[in-house]
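As structure tokens, the structure follows; a few thoughts come after it.
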Amino acid sequence: MRKTYLLTPGPTQVPDRVLALSARQIIHHRTPQFTAIMEEVNAGLKYLFQTKQDVLLLASSGTVAMDAAVTNLFKTGDKVIAINGGKFGERWSKIATAYGLQTVELKLEPGTAATVKQVEALLVANPDARGVLFQASETSTGTRMPTREICALTKSRKDCISVVDAITALGVFDLPMDDWGIDVLITGSQKALMLPPGLACLALSDKAWGLAANANIPKFYFDLSKEKKAIAKGQTTWTPPISLIIGLQETLKMIREEGLHNVFKRHDLLARATRNAVKALGLEVLSKDPSNAVTAVRVPAEIKDGKLIPKTMRDKYGVSIAGGQDELEGKIFRLTHLGYIDRFDVLIGIGALELTLQDLGYSKFQFGTGTGAVLQTYKLT
Ligand SMILES: Cc1ncc(COP(=O)(O)O)c(C=O)c1O
């Protein structure tokens, strides 16, 4: 017998409470019963997004919400600044370019966050920029961006909005949408929302809705103005992923039970424990500004084929983690502490990592060094 553990940055583990619900018979969505669920879900999402705005639900993975933000908020030929700190930042440029926007890209070294000075300089050089598009947490490098500071820059500019992909950030660390002046905030179900993939959520500020009125990029299915009208009636425009929304009702209840700030504290503890463990093992964290969602770790020189680390962890020990993507393939591996994860999940991940490293010839540590660092972090907290 071998148990398996999912420690990837999405999909993440799904709580038993939600799995049990998915065994129930489906209900119809154009009913008072479903509208009541939608209303509770919307209230829970407002709590999570820390906004007074309605939160729209799209039957899609997270990328569609990024796509919809571009098609619903901008005009062909508009200029936007896209912060490219890795694979997902690069996606902003790709989407914007695909829809005929002019993209000014801020390309960062992998594992570094944009600085406020860099973004401000680009805004000064491009006073006609209509938006700054970035990730609150760049999953491919495990890097946290200075969301509050970047949004402060867009807040003071009349026709320029902040579009924040918080797909691995919302529900991990504090992102108070209204307080910080975040204009578009996006997340996806398979991350800190603790659900299977298939549902994206996004909210728009009044300023963003103002720009939406002038957007001219063709769209039909993912038309956010239609979703805005539907959500006001406790509905979605099209047939929604009913089971996922019922699951969301449950995970939002869990987040409220724990308390949003305790959820952030838990992620902070697990992220610190993970970083302390890999450092104790003599490894290097890639990011200079690490995100509490995922820790990217450089493959040590002693291991020639870095892709063997996630492979061995999964195939030999049953623990799924992520490797590097694109230019970072084989150079890093990523340990996740996001969503339905607690202290002992991290111990499992680090225990399997210790075994894997020794298997692959990296043996300059004693067994228990990493797991000991995890326990020590918990003890000191
Ligand atoms: C920061 C970030 N943005 C976008 C995406 C893409 O989301 P999806 O795969 O749900 O389309 C991901 C997925 O991992 C992500 O981590």
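The values are calculated or read from the model by the stated rules, or taken from the named source; none is laboratory data. It should be emphasised that the depicted structure is a prediction, and the values quoted were computed from it without experimental measurement. Ideal geometry is used to build each Cβ from the backbone, glycine not excepted, and the neighbour counts take in all protein chains shown. Note: areas computed on protein heavy atoms with side chains; ligands, DNA, RNA excluded. Shrake-Rupley method; radii C 1.70, N 1.55, O 1.52, S 1.80 Å.
Residues of segment 189-214 with amide nitrogen under 17 Å from the 7 Å Cα-to-Cβ point of Lys3?
none
Taking the full set of protein chains and a 1.4 angstrom probe, give the accessible area of Asp16 in square angstrom, rounded to the nearest 10.
Estimated to the nearest 10 Å², Asp16 gives 110 Å².
So which of Lys191/Lys228; Lys94/Lys158; Lys87/Lys331; Lys46/Lys94 end up more than 18 Å apart, counting from Cα to Cα?
Pairs exceeding the cut-off: Lys191/Lys228; Lys94/Lys158; Lys46/Lys94.
Run the simple label-point estimate for Glu327 and Thr31 please: 7 Å along Cα→C-beta, distance reported in nm.
5.3 nm
Straight-line reach from Lys288: which aspartates and glutamates fall under 17 Å, measuring Cα to Cα and dropping same-chain residues less than 8 apart?
Glu109, Glu138, Asp268
To the nearest 0.05, how large is the calculated FRET efficiency for Asn216 and Arg343 if R₀ is 56 Å and r is the Cβ-Cβ distance?
0.65
In nanometres, what is the gap between the two model label sites at Arg148 and Gln358, each 7 Å from Cα along Cα-to-Cβ?
According to this spin-label approximation, the distance is 4.3 nm.
Please give the per residue accessible area of the chain, computed with a probe of 1.4 Å over protein heavy atoms only, in Å².
41 Å²
Angle between the Cα long axis of helix 369-379 and the longest principal axis of the chain, 0 to 90 degrees, nearest 10?
Helix 369-379 and the main axis of the chain meet at about 60 degrees.
Which of rounded, prolate or oblate describes the chain when judged by the alpha-carbon gyration tensor and an a/c cut-off of 1.5?
oblate
Would you please give the residues with an amide H less than 5 Å from that of Lys75, counting only those at least 5 places away or on a separate chain, with H modeled from the backbone geometry?
Those qualifying (amide H under 5 Å, at least 5 residues apart or on another chain) are Asn216.
Sequence-distant or interchain residues sharing an amide H contact under 5 Å with Asn84, placed H: which?
Leu106, Lys107, Leu108
Using a 1.4 angstrom probe on the protein heavy atoms only, could you order Ser61, Ser156, Ser162 from most to least accessible area?
Solvent-accessible surface, decreasing: Ser156, Ser61, Ser162.
Expressed as a whole percentage, what fraction of the accessible surface of the chain belongs to carbon and sulfur atoms when a 1.4 Å probe is rolled over the protein heavy atoms?
The computed percentage sits at 54.
Is it possible to state the helix-based mean residue ellipticity at 222 nm for the chain, with each DSSP H run of 4+ residues giving -39500 (n - 2.57), the sum divided by total residues, to the nearest 500 deg cm²/dmol? What is it?
The helix contribution divided over the chain gives -13000 deg cm²/dmol.
Let's see if you can work this out: charge +1 on each Lys and Arg Cβ, -1 on each Asp and Glu Cβ, no other charges. What is the dipole magnitude of the chain about its Cα centre, in debye to the nearest 20?
300 debye
Which of rounded, prolate or oblate describes segment 1-96 when judged by the alpha-carbon gyration tensor and an a/c cut-off of 1.5?
Oblate, because a/c is 1.5 or more while a/b does not exceed b/c.
Restrict the search to segment 266-295; then list the trypsin sites (Lys or Arg not before Pro) that DSSP places in a loop and that have at most 12 other Cβ atoms within 10 Å of their Cβ.
Those that pass, being in a loop and sparsely packed, are Lys288.
Suppose each label sits 7 Å from its Cα in the direction of the beta carbon; what would the Ala121-Met254 distance come out to in nanometres?
Calculated label separation equals 4.4 nm.
Can you give the angle from 0 to 90° between the axis of helix 308-317 and the longest principal axis of the chain, with both taken from C-alpha atoms, to the nearest 10?
80 degrees
At 1.4 Å probe size, what's the solvent-accessible area of Ile303? Round to the nearest 10 Å².
10 Å²
Cross-link candidates for Lys52: which aspartates and glutamates have Cα within less than 18 Å, leaving aside residues fewer than 8 places away along the same chain?
Glu39, Glu40, Asp174, Asp178, Asp179, Asp183, Asp206, Glu227
Using R₀ = 51 Å, calculate the FRET efficiency as 1/(1 + (r/R₀)^6) where r is the Cβ-Cβ separation of Asp206 and Gln376; round to 0.05.
0.60
Classify segment 144-220 from the C-alpha gyration tensor, please: rounded if a/c falls under 1.5, else prolate or oblate depending on whether a/b exceeds b/c.
oblate
So, R0 is 51 Å and r is the distance between the beta-carbons of Lys226 and Lys316; what FRET efficiency does that work out to, to 0.05?
For Lys226 and Lys316, the calculated efficiency is 0.55.
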